[in-house]
Amino acid sequence: MHAINYEAPSTLDQAVSILKAHGENARPFCGGTDIIIQLRAGVRRTEHLVDIKKIKELRNLSFDAKKGLRLGAAVPCIEIHENEMMHRMYPGLTEAAHLIGSLQIQNRASVGGNLCNGSPAADTTPALIALGAKARIVGGKGEREVPVETFVLSPGRTVLGPGELLVEILIPAPSPHSGDAYLRFIPRNEMDIAVVGVGVAVTLDGEKVKSARIGLAAVAATPLLASKAAESLAGKKLDAKVLEEAGRLASEITSPIDDMRGTAEYRRHITGVLTRRALAIAAERAKKN
Amino acid sequence: MSKKTLVEATVNGETVEFLCEPRQSLLESLRDILELTGAKEGCLTGDCGACSVMIDGRVVCSCLMFGVEAQGTNITTVEGLATTGTLHSLQRKFLEHASLQCGICTPGFLMAAKGLLDRNPEPNEADVRYALAGNLCRCTGYDKIVKAVLDAAADLRTHGEGKAAAR
Amino acid sequence: MAEATTNGKYKVIGTRPIRHDGADKVTGRAKYGADYTFPGMLHGKVLRSPHAHAIIKSINFDKALKLPGVKAIVTSKDLPSVANKLEQAGEMAINPHHLSMNILAHDRVLYDGHAIAAVAAINGHIAEEAVRLIEVEYEVLPPVMTVDVAMKPGATILHKDLRNQEDGDKQTNVAQHYQFKRGDVAAGFKAADYVVEREFKTAMVHQGYIEPHNAVGIYSSDGTATIYCSTQGAFEVRSFSAQVLGMPVGKIRVVPAEIGGGFGGKTTVYLEPLSVLLSKKTGAPVKLVMSRAEVLRASGPTSGSQIKVKMGATKDGKLVAAEIWMAYEAGAFPGSPVGAGAMCIITPYKVENFLIDAYDVVVNRPKTAAYRAPGATNAAFASETVIDELAEKCGIDPIDFRIKNGVKEGDAQTVGPPFKRIGFIQTCEAIKNSPHYKSKLTGKNRGRGVASGFWFNAGMNSSATVNIHADGTASVVTGSPDIGGSRASMAMITAEVLGLSANDVRPVTADTDSIGHTDVTGGSRVTFATGMAVYEAAQDAVKQMIERASKVWEKKPDEVEFRDGKFFAKGNGVPPMSIKDLAPRFSRTGGPITGRASVNGRGVGPGFATTCVDVEVDPETGKVQILRCTIAQDAGKAIHPSYVEGQMQGGTAQGLGWGLNEEYFYDEKGILRNVGLLDYRMPTCLDLPMIETCVVEEANPGHPLGVRGVGEVSIVPPPAALANAIYRAVGVRMLETPMSPPKVLKAVLKHGGSAQHSAAAD
């Protein structure tokens, strides 16, 4: 690896000022499970790493019945899995966080880092999209909030400008009779990158769908919000035909590639399958809430 | 070469200080600077788990962490698993069950298994398999590793870590 | 652990003692190649080709040499020119010229990852930066990636000097054509009621050892060199390095470090000659360790292949004819295991009429190396799937079909003399009688498959010495690097002969100057051949001690007997002496006792295995989940049953990985895309069930203890067993490995979607 500098500030202000000082040559650093590999392989180059794990605000995980969830950018995935509230309120996101790599990885990696890495195949991003999550960013020209579905611009590139830092992810409190789910397809049972990932959130009105959101991963250059597929469910009972149609609409907006993880054709097919399956799981959960 | 940083940490119960470059991984720091070569390099991408160590009670891949990040942490490596020359129950059970062939993955498996048993003293086969999924073994097909971890868990439940080790 | 022996004749053999190197390996003390450091040691890195096929027009390393901390750079110009002829080395043939070109590309690069130059610097990071500063100018050529493309008339040629003797001495990519035949194939097919003809493809796969290749080279000013490395064969490293470097064999000492897996992949050299070359140029020890990407791109995986199998059977289930065409990717240089594959493909069965054509084909991929039963797994994937289909057509249970046609003592091999005592039928019967095969498999999209495999096993050369210590314990020294617990077996054999406990014998793996020549740890040969040497060396020690006891008792040697670890004098009432009693008297009776033996392991007993696997297929995604797996294998005699089971389970796991998800994935430019363990998908703990084992013990008459060797054949059946199980689960015959989800889904959709199938293995 080329030579780097490392700093670990303890306040947000310090972090932002270091990032600003070095501009393009600096990058926030959290679990390191992606960036260390990228620096070693020479696919990303940065001179200054700013370790954000010592900043208290970024380690916050709290829930408020009105304001919803505040998930600090540096909260390791394992803390989500070990949080009983998370399993109850956001089982889909919790499952997604628990699917990222091995326990060794989950002990280091964060949902925020997963998002900032900008991979189209990030496991937690479609789960966040389904939940209508927003990313709170500081630095640059001040503070801003960005919907997660617009956060990633292209593989490895995000809306974060030089000097900017993701502070936390904000997720609305689940409405009554709602549930979320995340499914990914991989060839093995662990350790693979998603061939396709589908996150869904469903709110029911009796037997019928009141509203839904669907996030997709690994099927385009960025994670996607599948609006048309989600909207097709409104006012309908989730029977086989409706699920099939939602799956079809979800796969319609994909623009996958052929690679060692799967062919484009295969990914389109799996998008439909997982969309159906995830919706069924989320609906079951919604019925119980 | 970039400037070296002084890092102070607790390694296997002892306070140590070492100088490392920021680009040096914890694995490199342990192996090349502290001469603790028990953690192995298998992939440098967090996919094989051979470099697993415990940081403040959590198992991590030391190849995906910088040495400078270890400042102020408590690190346990495979070298710290046995106490005053007496093998940990996991180490004994790995030997009794012939859970290693070449042995290169063994330190990582032992640390991952310890991470599991510290949190879940009564794991079933599925729990063990999940906890060890980040560690690749190419020799054994995992069968004898899983059996050893289940047996060590039973042993630790019966005898406790101290007593089990003393037997 | 149970201490019961599996055979009443023995006291130690068949028990399960703790391995002697175990404590070091669970405490992190065991020293593997990468764990060695020496004062003043430098670190090396290798520049590798970014192209699959190109001419090297120029190399400029001025900038790299100027980087502070860089000490030396070597290219092929630093290598002597060596003989261009084939030499047998272990299980694979080696051409020193090709080996040299593989160590450092001469004038052209032949695969993505081909080594071009090596740098030594004060640390690995600087060496790596220097590698990036080396400028190479290439003239890129079209890559030839598969055997069908390579064999086409007019194909781009990899080696100008490779010529086809069968076809007017034209340039070719076909390095070798083997043909094996017997009987009258046309007449055989005429007699068949059922004929199945299928074409198969298998992907190139890697051994996947967790420890990357490593070497520390120390060149001394007196012209000698020492190499510390993790290798399956220290003597091969010595002779190959000597050939490539133009050094006399006697000037190189190779110290085998602990080895983190090999499976055949660590039977040749990559970094070892470079470490010596860089050490010579810098005057310092130089360590090189491959990254995982380098291991995948530039070590020796095993061949991808294309195989056509046509087989016929009569309606009562008798195999009558086989016609087979097979072509294996050799990689960039000749030497695929296609010959071995051809000699294995129908060997488990009595087939009176066959014709096998086999082709060794060079392509722009890394030079293949041995991988556990090299060539046999590809072959069995094809033949064992066709056998399954014929059994189905005949309406016979697939195990019964194998028993009906299976070879026994006295039956012909594909090549060579008839079989001596073998245990193929017994492995089939063990599966048939297993709780697994007797259980009923229920549930949708589930299926059970079986398949069998054959592997020759190897003999070759081994040496051993047994030293008796002053306290009556012993050490046993061999030249076989211990890759899976063989040291324990060597100690157990010694202990059995000497009447000691396994704990009283310390096993040691020696360097090339400290033990007689010993061939590679491979070919399932260590427990067989090195075990034979150890057995004889221990017997030699016993013979010498009988003489000493006779001196003590003032008797003739033939008046002294050794049994149960004690010496008995015939006739008089003198109490027996143990080795412990005798040992302190060695000095006074003629000096220390060292038993010695060197053997050329004849009497090899071939290995057979039969595997049964249950799967569930998700017909919507094509994903195959393994539910249950049992393997029966003939060990001859299991010295340490735990490590025999371990070989069976490990080989099975590799075979299952090969069958389901492992593959080299090259893009259209011939660049390897999956260069890490994230995308080279070996099975994890969560992908496999417990692997049940049935150890069959049909003693090998060619070995004093009945040992056959168990290291390899377990990998052979699983891909075919999976294919047969998938067929019974969802009704599709998979003809290509890996049977990864996209391929299975495609086959299922083509077959008519998620049709339900019975789970029965009928």
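Compute the accessible area of each residue in segment C:207-255 twice, once for its chain alone and once with every protein chain present, using a 1.4 Å probe on heavy atoms, and list those whose area falls by at least 50 Å².
Residues shielded by partner chains are C:Ile210.
Loop by DSSP (not H, G, I, E, B), at most 10 other beta-carbon atoms within 10 Å: where is the longest site-free stretch of chain A for trypsin sites (Lys or Arg not before Pro)?
On the way: sites that count: A:Lys66, A:Lys141.
So the longest stretch without any such site is A:142-289.
Tell me, which longest segment in chain C has none of the GluC sites (Glu not before Pro) that fall in DSSP loops with at most 11 further Cβ atoms within 10 Å?
C:167-553
At a probe radius of 1.4 Å, figure out the A/C buried accessible area, summed over both chains, and give it in Å² to the nearest 100.
Between A and C, the summed buried area is about 2300 Å².
So for C:Lys420, B:Lys40, what's the accessible-area order with a 1.4 Å probe, most first?
Ranking C:Lys420, B:Lys40 by accessible area, largest first, yields C:Lys420, B:Lys40.
Probe radius 1.4 Å, ligands and nucleic acids ignored: give me the carbon and sulfur share of the accessible area of the protein assembly as shown as a rounded percent. Before the final figure, lay out the partial values.
On the way: 21140 of 42050 Å².
Using a 1.4 Å probe with all protein chains present, the protein assembly as shown comes out at 50 percent carbon and sulfur.
Return the value, in Å² to the nearest 100, of accessible area buried between chains C and B (probe 1.4 Å, both sides summed).
4300 Å²
What whole-number value in cubic angstrom gives the convex hull volume per residue for the C-alpha atoms of segment B:1-44?
Numbers: hull volume 3.2 nm³, N = 44.
Cα convex hull per residue, to the nearest whole number: 72 Å³.
Going toward the positive end of the dipole of segment C:459-600, with +1 on Lys and Arg Cβ and -1 on Asp and Glu Cβ, which of C:Gly499, C:Ala488, C:Ala549 do you reach last?
Positive-most Cα among the choices belongs to C:Ala549.
How much accessible area does C:Phe608 have with a 1.4 Å probe, in Å² rounded to the nearest 10?
In the full protein context, C:Phe608 sits at about 0 Å².
Report, to one decimal in Å, the Kirkwood hydrodynamic radius for segment A:178-288 based on all distinct Cα pairs.
13.7 Å
Counting helices only, and only those DSSP H runs with n ≥ 4, report the 222 nm mean residue ellipticity of the protein assembly as shown as the sum of -39,500 (n - 2.57) divided by its residues, in deg cm²/dmol to the nearest 500.
-8500 deg cm²/dmol
List, by residue number, every residue in segment C:32-80 with a reduction of 50 Å² or greater in accessible area between the chain on its own and the complete protein assembly, 1.4 Å probe.
C:Tyr32, C:Asp35
Label-point separation (nm) for A:Glu207 and A:Lys287, each offset 7 Å from Cα along Cα-to-Cβ?
1.1 nm
Please report, in whole Å, how far the alpha carbons of chain C spread along each principal axis, starting with the longest.
Principal extents (Cα only, largest first): 85, 73, 50 Å.
About the Cα centre of chain B, what is the dipole size in debye to 20, counting +1 per Lys and Arg Cβ and -1 per Asp and Glu Cβ, all else neutral?
In debye, rounded to 20, chain B gives about 320.
Please calculate how many Å² of accessible area segment C:7-114 carries per residue, with a 1.4 Å probe and no DNA, RNA or ligand atoms counted.
With the other protein chains kept in place, segment C:7-114 gives 42 Å² per residue.
Among A:Cys116, C:Cys612, what's the order by accessible area (1.4 angstrom probe), most exposed first?
These residues rank, largest area first, as A:Cys116, C:Cys612.
Tell me, what is the per residue accessible area of segment A:70-183 in Å², probe radius 1.4 Å?
30 Å²
Which one of A:Ala280, A:Ile253, A:Ile214 has its Cα pushed farthest toward the positive end of the charge dipole of segment A:178-288, where Lys and Arg give +1 and Asp and Glu give -1 at the Cβ?
Checking the options against the dipole of segment A:178-288, the answer is A:Ala280.
Once you average over the residues of C:731-742, how many Cβ atoms of partner chains fall within 10 Å of each Cβ?
Across the residues of C:731-742, the mean count of other-chain Cβ atoms within 10 Å is 2.
When the solvent-accessible surface of protein heavy atoms is calculated with a 1.4 angstrom probe, in what order do C:Phe568, A:Phe29 fall, highest first? Please report the intermediate quantities before stating the final value.
Working: C:Phe568 55, A:Phe29 0 Å².
Order by accessible area, largest first: C:Phe568, A:Phe29.
Note every residue of segment C:123-156 with a reduction of at least 50 square angstrom in accessible area, all protein chains present versus the isolated chain, computed with a 1.4 Å probe, or write none.
In segment C:123-156, residues shielded by partner chains: C:His125, C:Arg132.
In Å², and per residue, what accessible area does segment C:459-600 have when probed at 1.4 Å with the other protein chains present? If you can, show how the numbers build up before the last one.
On the way: 5520 Å² over 142 residues.
That works out to 39 Å² for each residue.
Solvent-accessible area of C:Val249, probe 1.4 Å, all protein chains present, reported in Å² to the nearest ten, please.
60 Å²
Taking Cα atoms of the protein assembly as shown, Rg/Rh with Kirkwood Rh, to two decimals?
Reported Rg/Rh, Kirkwood definition of Rh: 0.97.
On a 0 to 90° scale, report how tilted helix A:264-288 is relative to the longest principal axis of chain A, with both axes built from alpha carbons and the result rounded to the nearest 10.
Helix A:264-288 sits roughly 80 degrees off the main axis of chain A.
Accessible surface of B:Asp155 in the full protein assembly, 1.4 angstrom probe, to the nearest 10 Å²?
Accessible area of B:Asp155: about 10 Å².
Roughly what % of Cα-Cα distances in segment A:56-171 sit above 19 Å, to the whole percent?
So the portion of pairs separated by more than 19 Å is 39 percent.
List the accessible area buried at the contact between B and A, summed over both sides and calculated with a 1.4 Å probe, in Å² to the nearest 100.
Numbers: alone 8690 and 13270 Å², together 19630 Å².
Buried area between the two chains comes out at roughly 2300 Å².
Segment C:123-224: which trypsin sites (Lys or Arg not before Pro) are DSSP loop and have at most 12 other beta-carbon atoms within 10 angstrom? Working shown, then result.
On the way: sites: C:Arg132, C:Lys160, C:Arg163, C:Lys170, C:Lys181, C:Arg182, C:Lys190, C:Arg198, C:Lys201; in loops: C:Lys160.
Of the trypsin sites (Lys or Arg not before Pro), the ones in loops of segment C:123-224 whose Cβ has at most 12 other Cβ atoms within 10 Å are C:Lys160.
Roughly how many nanometres apart are two label points built 7 Å out from the Cα toward the Cβ at A:Ala41 and B:Leu19?
3.4 nm
Using only alpha carbons, build the gyration tensor for segment C:20-77 and give me the equivalent ellipsoid semi-axes, biggest first, whole Å.
Gyration-tensor ellipsoid for segment C:20-77: 36, 18, 8 Å.
The values are calculated or read from the model by the stated rules, or taken from the named source; none is laboratory data. Values in this document were obtained by computation on a predicted structure and should not be read as measured data. Please note: Cβ atoms are built from the backbone with ideal geometry, for glycine as well, and neighbour counts cover all protein chains shown. With ligands, DNA and RNA removed, areas are computed over all heavy atoms of the protein, side chains included. Shrake-Rupley method; radii C 1.70, N 1.55, O 1.52, S 1.80 Å.
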